[in-house]
Structure formats: C-alpha cells, structure tokens
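Q: Here you go, one structure.
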Amino acid sequence: MRTLSTVLAVVFSSTAIAAGTMGPAAADSSMGLSISSYGDIAVDGVHKRVYISDPDGGKVVVTDYAGKLVATVPNLPGVRDLAITPDSGTVYAAVPGDDSVVAIATSTATEAARHPIGENTDPKTLAVAGGRVWFMYGQETAHHLGSFDPSLGTPEIALDQLPGRYFRDAAELEAAGDTLVLGIHGTWSGLAVYDVSSGAPVLRKEGMPPEAASSMADFALSADAEKIVAASGEMPYAATAINTEDLTRTGAYPVEASNPSSAAIAPDGTVAVSTFSWYDTDISVFKPGTTTPYRTYTYDQYGSGGDTIVSQGLAWAPDGSRLFAIADGHSGLQLRVLNDAARYPVKVSVSAPAKATRAKKLSVTGRLTSGRSFPSGSKVTVTRTDIDSPKGKSLGTKTVGSSGAFSFTDTPPAGGNVTYTAQYAGDATHARASGKDTVAVARNATTLTLNHNKSVYNYGADVSFTAHLGSTYKNRTVEIWADPYGSDKPKKLLKTGKVNSKGNLSATVDMTRDTTVTAVFKGDARSAGKTVKVTAYARVKVSTTVSKQYKTAKIGSTSYAYFHKKTDPVFTTTMTYYKNRSQRLNLEVYFQGKWLDAGSQYFALGTNGKSTVTLLGPHETGYRMRMRASYVNGSSGDNVNSTTYGAWKYFYFTK
C-alpha cells in the first residue's frame, strides 16, 4: 500500500503546470526637473526626499524618491552647494547671491532660518561637521574658510578660519563626523583633511596621490570618514581610492572612455562613479575592494551625442537603497533614480493662547526679527481667520516697537480653530514676511456615525451607506466620500447635502473594490467638525471551466470530469481583471478519506481577465483530484479586493 508521501511524490513528479503570461519586471525611473541649471544634490532618507539646487533659478526643488515635485524652496539667489545634517533634520544651502547660508527644515521642506555671512562674502560650498556648518566664501582668486554653530539662536559667524591661507577657487567641502575634507578642483588637484571637533580646523594631513593629482572634478568621503574616492586623473581612466588618514592611494575604480566626473559612496562602501560620456557607459557601480563594476548604466544616445551625467551629479539614499543621478540631454535636466532675495530675511513670530473661550477677550503678542533693525513706526497688518470668516477678517494694523515687538487683543466670535496672522509688507532693506498662530476656541462636540463597517459584499453589489448626524448649531450639511482601493481610482465625492429630519443622509456605492467610505461634517461656529470612516470589502468574480475530458460522471454525489491518462486537462479561469493580477490555483488529492493539499501556484491574468493553465502529464490513474482558482488579497498582485475562493473542479484519470 502506498503512503501519503509516495502519493504526493507521484503527483508532483508527474505533473507540470504551464501558463502563457508573466508580469513585468521592476524598472528604474527618470523624471524631468523644473530647473534651468544644476548646482548640487542632497538626499533626505527620513522623509524620502531629494533636494536639488538650481543656481540660475535661485531655488531648491524638492522631489520624492520617484522624482515627483514635492516642494520648492525659493528666494535663494545663486544657490550652490547643499549639505544635510546627520539626523536629516536640516538641509543647509550656500546662497552666494544673498551672502548667506540658509537652513531648510526637512520636516516641512521650507526655509527655517537665514544666516547672513557678510556683505559680498558669496559663500559657495559648504559641509556640516563637528556640529558646525563650514563654508567656503570669497571672490575670484581669494576664497577662505568660515563656519558657524547652528544650534545657537543667533549664530556667531567665524570667518577666515585658516589664517594666511586662501584658495583661487572655492574648494569642494565634504564631511563625516568630526572630519572635514577640502578638495581643490582643476589642473593641480589636492586634498586637505581637518579635525574640527574643537570648533576650529586642525590639519591632519594635506596632499594627493600622484594618480589623482590631475583635474579632479569631484570627490566623495565615506560615512566613517576613513576613505575618499576622487574623480580625477589622466589615463588609464579611473577614480582613485584614498586612505583619509595619510592620503595614500589604496586602489582604483576603472571606468570607460573618459575621466570620471562624479563619485558617491554608499553607507556600505559601495562606490558609484560617473563620466561625461555621450556614447559609452555613464555610471559604473563598484562593490568595496573590487575593480570591476557589478552594474553599469548607459543612457539615451543620439547621432549627435546623448544624455550625460553632470559633474558632481551622484548621490546615494542614506540607506543605500537608491542611487540618484542628474542627467543632462536633449530633453533637459532629469533626475534619474536607479527605482525678495536682495533684502534681509524677516521672521514674524506670533504667540496666541493655545486654548480660549468663545466670545471672551484674549491677548496676542508677536515680534519681528531680522539681521538689521526696522524703521521707526513700522507696522504689521493683522487678520483673523475662522469659520465665519474663512477668507480672513482684518483687525487693522499694529505698530512695532523698537525691539520689534507688537501686541493686540481680540474677542473671537466663532469657535473652532481661529488663526491670527501678522504680515509685514517689507521695506527697502527687509523682505515681506508673515507669521501666524492658531487658537483652539471651544465648540460643542458633534455626533456622526456611518454604517456597514467591515462588511463584505459580492462583486458589483449596490450598497447604501447612511450617515447619521446628531444635534448641531446651524450647519446640517454632510459629505459622503468613497475611496476605492487602488491608485488608479481617486477618492470621489458621492453626495453632499443636508440630512433629513431624522439626521440621515445616504449614498450608494457600487462595490467593485474594497472601499473606504468617509462621512464629513465640517462644523459651524458652535458645533465641532467631525469625520468618520468605515471600510467595506468586495469580492471578485471568479469561475473556472474544465475542458478535454472524455466524459462527466458522478462519484457519490459529486460530478467529476474524466480524463484518459494521456490527456492533459485544461483549466480556464475567468476573474475580475486588475493590472498585474494573478489567480492562485490549488491542487488537492483525495487519500485515505481526506482531501490533502498537493500544492498551489499563481498565474497571471490576461487583460481579458482569463488565465488558461494546462496540467501536463503523464498522469497517475485511480486518484480523485480537485482544482480551485482563488484571488488572494495581497498575494495575487494587488490588494483592491477581498480574498475570494472559486468553486472546486473535480477530475479523475483513467486508462
């Protein structure tokens, strides 16, 4: 008598499953950038954003990891280098056109502070090391090193931190921990390594290996500050690996057809090198200690040339998951993913109580701060924004004192979030600016409910969702929204209107996908707004037909398709189609009175929602078998429907 293991071995060894479709492979991406020039790139791994400076446009554009524009930080004339703090909390930008270094908060991708360096200092390159921001500043033929401590409220700018030394051009600065490295570009290249743990640069080593001493275009410093990779040198074409401690050559990264123009080191030591090459390899990526790239990238080529990677145009994501490259070509600048400026900046602070009582007087204070004092008699314009005045109600102007302080009182007539905004219009030497603070003015709580949470429905069922609104002051309008699963179908407003005399408003959803339904009451002057969400689930349509059997007959009360052992059964599954969706086929064998699992496999659906699978032989006779097609949420290639099991199809092989 055969054992279970023998039976399953027979089934697996004699059965092969064939299908005719397969899903696409993942691909790198490229996205056009809204910039007219390129300065530098910095990657924020915490918020998954890429910062790219545009010197001619005077801005930093912020994209997500796919290159989609997220934000733009403006008013940065001539912005050059970017440097991100170790905690990814701030990106610092060198802004020569405003003689300043600007801090950008990565949490909001907005300007957080502007630090004036001095008139006509033109800071061009920078790095963060030893808790300070270091920058190269100066005019043609005379550039110097300066720094400041950004943790101080008003940082003291320290200039000429290398007394007696100056540089013809602004040296490239790279940093890690307490190590700051200056790199001189051009015909005669050089490196200087400084310890800046004390707040002042202490030279550790200066020099350059002969192999890298010519025409350095870029260099990278490893995260542990132990290795430098210099994109420089004559033939043979290669980037040079350098020991930071003694600036000796430790190896090389050979590249094709041209001198390297960019270098970047991932956290694990992986090195990326790019070249300015129209027709050959653009990017080569090396594992630590190797001389042959394990991956190369060559971009669009044309009869008159092709896309090129710009100098200093490479950056790794901090976790090493992505390499970002700036390419320049026929279609302009692109991000490739390998997956009031002349005036002093002004900060307007506004401080209001966190909470207040409606219809009772409250006090608000504020202050203007800048690097230069304000003219006597300066004023700010104050507005109040609330539910009754969504476009803002003017509270007039308030005079700013000699210290920059101002204050006023107000009696909020409406509840909810009440925002007080103070705007400074600017003057000959100060840019316009505004600040605001929000007060939570108490309102009555509101009751809002929505039915059918976690209910499951057959595909295409029309389901009525009913929102119930409790007592309110004036507003009786409710919105009902439907958000089907899947990025291809946006959230949609189903209905907006006043509830009936029972407080109800209903809207119908065609349940073709799992759907989040949201009811929204926006509140009124005395009733708090309220939002509730429920999620209802939709099965798919699934059916399977069997073909090539020679007869259909019952075993007991169950109908079986009978096949000769030399005939290969064909199972055709029809399922609700979705991009990249697969169906799962489960095979079971009846043995010793029980149905036992004999394996499962996923097969892609065609665009017509069909999947045809052939069970290849030879086949064992005398065993009852059954096959079932299913959609499995998450495992079938998407999560837009609820797991749905099709009906079992029973079959039997004879001689």
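Q: Rounded to two decimals, what is the ratio between the C-alpha radius of gyration of the range 107-225 and 2.2 N^0.38 Å?
A: 1.07
Q: Could I ask something else about it? Gain in length, residue 440 to residue 473, computed as 0.36 nm per residue apart minus the alpha-carbon separation, to one decimal in nm?
A: This chain segment gains 10.1 nm when fully extended.
Q: To continue, here is another question. Step through the residues of the range 444-453 one at a time and calculate ³J(HN,Hα) from phi using the Karplus curve (6.51 cos²θ - 1.76 cosθ + 1.60, θ = phi - 60°), rounding each to whole Hz and writing x for Gly and Pro.
A: Rounded to whole hertz, the list is 6, 5, 10, 9, 9, 10, 8, 8, 6, 5.
Q: With a 10 Å Cβ neighbour count serving as the proxy for reagent exposure, in which order, fewest first, do 282, 224, 99, 524 appear?
A: 224, 99, 524, 282
Q: Amide H of residue 512 versus every other amide H placed in the peptide plane: which residues, excluding those fewer than 5 positions away on the same chain, fall under 5 Å?
A: Here the answer is 460, since their amide H atoms fall under 5 Å of that of residue 512.
Q: Using θ = phi - 60° and the Karplus form 6.51 cos²θ - 1.76 cosθ + 1.60, what ³J(HN,Hα) does each residue of the range 543-555 get, whole Hz, x for Gly and Pro?
A: Per-residue couplings from phi come out as 8, 9, 10, 10, 9, 6, 6, 8, 6, 10, 8, 8, 10 Hz.
Q: More than 14 Å apart: what percent of Cα pairs in the range 70-143 qualify?
A: So the pairs more than 14 Å apart make up 56 percent of the total in the range 70-143.
Q: Still on this structure, please answer the following. Need one number: nm distance between label points at residue 647 and residue 354, each 7 Å from Cα along Cα→Cβ, rounded to one decimal.
A: It works out to 6.3 nm between the two label points.
Q: Per residue, how big is the convex hull of the chain when only Cα atoms are used? Give it in Å³.
A: It is 236 Å³ per residue.
Q: In terms of modelled amide H atoms, which long-range or inter-chain residues lie less than 5 Å from the amide H of residue 282?
A: 297, 298, 299
Q: Largest first and to the nearest Å, give the Cα extent of the range 26-160 along each principal axis.
A: Principal axes ranked by extent give 50, 29, 22 Å for the Cα atoms.
Q: Just in the range 199-249: which GluC sites (Glu not before Pro) are loop by DSSP and have at most 15 other Cβ atoms within 10 Å?
A: Taking the range 199-249 and a limit of 15 other Cβ atoms within 10 Å, the loop GluC sites (Glu not before Pro) found are 226, 234, 245.
Q: Would you mind computing Rg(Cα) / (2.2 N^0.38 Å) for the range 346-441, counting N as its residues?
A: Dividing the Cα Rg of the range 346-441 by 2.2 N^0.38 Å gives 1.08.
Q: Neighbour counts of other C-beta atoms within 10 Å: give me 216, 208 arranged from fewest to most.
A: 208, 216
Q: Suppose each label sits 7 Å from its Cα in the direction of the beta carbon; what would the residue 432-residue 198 distance come out to in nanometres?
A: Spacing of the two 7 Å Cα→Cβ label points: 5.0 nm.
Q: Another question about this same structure. Using only Cα atoms, figure out Rg for the range 472-534 and give it as a multiple of 2.2 N^0.38 Å.
A: 1.22
Q: Go through the range 172-255 and name the chymotrypsin sites (Phe, Trp or Tyr not before Pro) that are in a DSSP coil and have 16 or fewer other Cβ atoms within 10 Å of their Cβ.
A: none
Q: Would you mind pulling out the separation of the Cα centroids of the range 146-177 and the range 418-490, in Å?
A: Rounded to whole Å, the Cα centres lie 47 Å apart.
Q: Which three semi-axes in whole Å describe the equivalent ellipsoid of the range 149-300, each the square root of 5 times a Cα gyration tensor eigenvalue, listed largest first?
A: 29, 16, 15
Q: With labels modelled as points extended 7 Å from the Cα through the Cβ direction, what inter-label distance (nm, one decimal) is found for residue 108 paired with residue 495?
A: Here the answer is 4.0 nm between the modelled labels.
Q: Under the Karplus relation 6.51 cos²θ - 1.76 cosθ + 1.60, θ = phi - 60°, what is the ordered set of whole-Hz ³J(HN,Hα) values for the range 401-412, x standing for Gly and Pro?
A: Couplings: x, 4, 8, x, 7, 8, 7, 6, 10, 7, 10, x Hz.
Q: Give the long-range amide H neighbours of residue 434: residues separated by 5 or more places, or on another chain, with amide H under 5 Å away, using H modelled in the peptide plane at 1.01 Å from N.
A: Residues meeting the criterion, in which the H sits 1.01 Å from N, are 348, 424.
Read-outs throughout are calculated quantities, based only on the coordinates presented, and are distinct from any laboratory measurement. Everything numeric in this text was worked out from a predicted model, so none of it was measured. Methodologically, a virtual Cβ is constructed for each residue, glycine included, from the backbone with ideal geometry; neighbour enumeration extends over all protein chains shown.
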